[in-house]
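Accompanying notes for the structure given below.
The values are calculated or read from the model by the stated rules, or taken from the named source; none is laboratory data. This one's a predicted model, so the numbers in the text were calculated from it and none came from an experiment. Glycine gets a Cβ as well: all are built from the backbone with ideal geometry, and neighbour counts include every protein chain shown.
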Amino acid sequence: MTEERALFIIFGGSGDLAQRKLYPALYGLYFQGRLAKHFAVIGTARRPWTDDHYHEVVKQSLVGAPGSAHQKTEFAEHFYYQSHDVTDAAHYVTLQKLASKLNLQYQLDGNRIFYMAMAPRFFATIAEHVKSEQLLSPDGYNRLIVEKPFGRDYASAKQLNDDISQAFSEEQIYRIDHYLGKEMVQDIMPLRFTNPFLENVWSNQFIDNIQITLAEDIGVEERAGYYETAGALRDMVQNHIFQIIAMLTMEKPSRYDATAIHEAKRAVLAAIKPYTPAQVHTNFVRGQYVGGDNLGLSYREEDNIAADSTVETYVAGRVDIDNDRWRGVPIYLRTGKKMPAKTSRIDIVFKPTKDNILPTTGNAPVRANVVTLIIEPDTGMHITLNGKEIGVSDAVSPFTLDHALDKDELAKAPEAYQRLLLNILEGNKLTFTHWDELAASWHFIDAVRNVWDNDKADGLAFYPSETMGPKQADELLSRDYRTWIWQG
Ligand code: BG6
């Protein structure tokens, strides 16, 4: 296994994301041998930590990870802490010196990865100083990793993009959407493009509708400050659900590389036309959870949530793609907090067979085939088909083919962040979001958001926690004579 060489500079090195996700992911790469002797990490943040304290923090984040205490200590010794005020030019000079020193000390070939793991309002300043204080490496590569949220509407996303583009080109920017690092999302392309029995029916000729559900059982947790400014539409639909839509519906890319895949995704997202206000009212539903006996707090009762908050914790909607392959195939989506169970799944519902000649029990219509991809928790897929009932009956009845990914193999597979970091080290942009994709999805989301912001509480439906959301979400489908495949 080849070792990658790089210096990571993490802005926000003392933060929650760094401790929960990045350090364990970097350690995973170290444990795998993809990072070994030749890597170093500079964590920067305001707090006045020492390197020793930083090492303790890093080790603390690895509790439960495999490997010996000795291995974890050796890993943590690659970490350097720099107390840093992002607005102070002098600090970037210190950072630059430390970066050059570590580059020589660890023989990093001038490779630098900048990680923005802090609030987006600082990105512009950081990018500006990275450039002016010459923190970009003159040899090797420079790559920038940006976390979500990437803007809160098209205008702010564009501003953010312009800001970071002062120092980094599109080629160097890696925008994270951790859903693209998930096993079954990565499986969409192989499933679609290497199985003729799926590839040849992947269109409006055979598919009736597509359903995407990202349900969570947790509530807003400790993230009130952020969530009150976001809501489920921005938090889950604009990014994760739109990326899933793009992977499911893009044309076959001309090659298996990031440029071709980004182009295919961009094209299909551009074919989703933003709704008019009237269309928003007809096609989108928003809800907020309400607690009660044994159901915990209502959203409005949670810490740091406004008592009259109209922020949605649930969204359901219908999206249509205006191109030859997909015209007439609704994509129904829903996501919410405090639903009955954590379940992320995609149901592709096929059109029923025409002119059936076979008997069915009670003359019921023949069931439509459904291909279900389960992203979480039981990663795998099901296909429902029709066959003969066992025994003397010749009636047709449905059965399911189940394919669960091997649990032991899955447990061994690296977590999404680790995979994404490896992709960045390898310069593989396939699992990241291109600016054009973001721009297209923000245009759509803005149209919905604007209507909701004008309507305020009007149209906000309340749903009891631990349910599938407001009944209006079912009506979205029932008016089209359809139902959600996953009923909770
Ligand atoms: C994040 C959202 O992007 O995704 C969170 O900000 C959400 O609100 C999370 O809980 C869900 O991700 P996962 O991997 O748990 O499905």
Does E466 fit the bill of being on the phi > 0 side of the Ramachandran plot, touching a Pro at 6+ places or on another chain (Cβ under 8 Å) and in contact (Cβ under 8 Å) with a residue 60 or more places away in the chain?
yes
Condition test on S68, is it polar (S, T, N, Q), exposed (fewer than 13 other Cβ atoms within 10 Å of the Cβ) and either touching an Asp or Glu at 6+ places or on another chain (Cβ under 7 Å) or under 22 Å from Y27 (Cβ atoms) (or both)?
yes
Any idea which of I445, I346 is within 16 Å of the ligand (Cβ to nearest atom), in contact with a strand residue (DSSP E or B) (Cβ under 8 Å, 6 or more places away or on another chain) and on the phi < 0 side of the Ramachandran plot?
I346
Would you mind telling me which numbered condition in (1) surrounded by 19 or more Cβ atoms within 10 Å (Cβ to Cβ); (2) touching a helix residue (DSSP H, G or I) at 6+ places or on another chain (Cβ under 6 Å) A461 fails?
(1)
Could you list, ordered by first residue, the pairs with Cβ atoms under 7 Å in which the first is in region 355-383 and within 18 Å of D406 (Cβ to Cβ) and of a type in the set (D, E) and the second is away from the ligand (no atom under 16 Å from the Cβ) and modelled with pLDDT under 95, at least 6 apart or interchain?
D378/A404
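Here's the yes/no breakdown for (1) under 19 Å from the mean Cα position of the chain (by Cα); (2) within 26 Å of L373 (Cβ to Cβ):
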residue: V220; (1), (2): yes, no
residue: V237; (1), (2): yes, yes
residue: M250; (1), (2): yes, yes
residue: P253; (1), (2): no, yes
residue: D257; (1), (2): no, yes
residue: V268; (1), (2): yes, yes
residue: H281; (1), (2): no, no
residue: D303; (1), (2): no, no
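From the list R286, R300, which residue is surrounded by 15 or more Cβ atoms within 10 Å (Cβ to Cβ), out of contact with any Phe, Trp or Tyr (no Cβ under 9 Å at 6 or more places or on another chain) and outside any loop (DSSP other than H, G, I, E, B)?
Residue meeting the stated conditions: R300.
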The correct count of residues that are out of contact with any Pro (no Cβ under 6 Å at 6 or more places or on another chain) and without any contact (Cβ under 8 Å) to a residue 60 or more places away in the chain in region 395-422 is 15
Helices (runs of 4 or more DSSP H) within region 204-283 that include 1 or more residues within 16 Å of the ligand (Cβ to nearest atom) and over 29 Å from N423 (Cβ atoms):
224-230
Sort out which residues of region 192-202 are part of a loop (DSSP other than H, G, I, E, B) and within 25 Å of the chain's Cα centre (by Cα), and write them in order of number.
W202
From R318, R334, R325, grab the single residue that is within 30 Å of N294 (Cβ to Cβ), within 32 Å of the chain's Cα centre (by Cα) and assigned by TED's automatic domain parsing to the domain that holds N200.
R334
Looking only at region 137-168, how many residues end up being without any contact (Cβ under 8 Å) to a residue 60 or more places away in the chain and either closer than 15 Å to A124 by Cα or within 16 Å of the ligand (Cβ to nearest atom) (or both)?
13
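Could you tell me which of the residues T335, T353 is under 30 Å from A271 (Cβ atoms) and at pLDDT 95 or above?
So the residue among T335, T353 that is under 30 Å from A271 (Cβ atoms) and at pLDDT 95 or above is T335.
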Among the residues that make up region 349-371, is at least one of them within 16 Å of the ligand (Cβ to nearest atom) and either buried (at least 21 other Cβ atoms within 10 Å of the Cβ) or more than 26 Å from the chain's Cα centre (by Cα) (or both)?
no
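Of these, R192, R143, R175, which one is closer than 27 Å to D446 by Cβ and charged (D, E, K, R)?
Numbers: R192 fails: closer than 27 Å to D446 by Cβ; R143 fails: closer than 27 Å to D446 by Cβ.
On inspection, the qualifying residue turns out to be R175.
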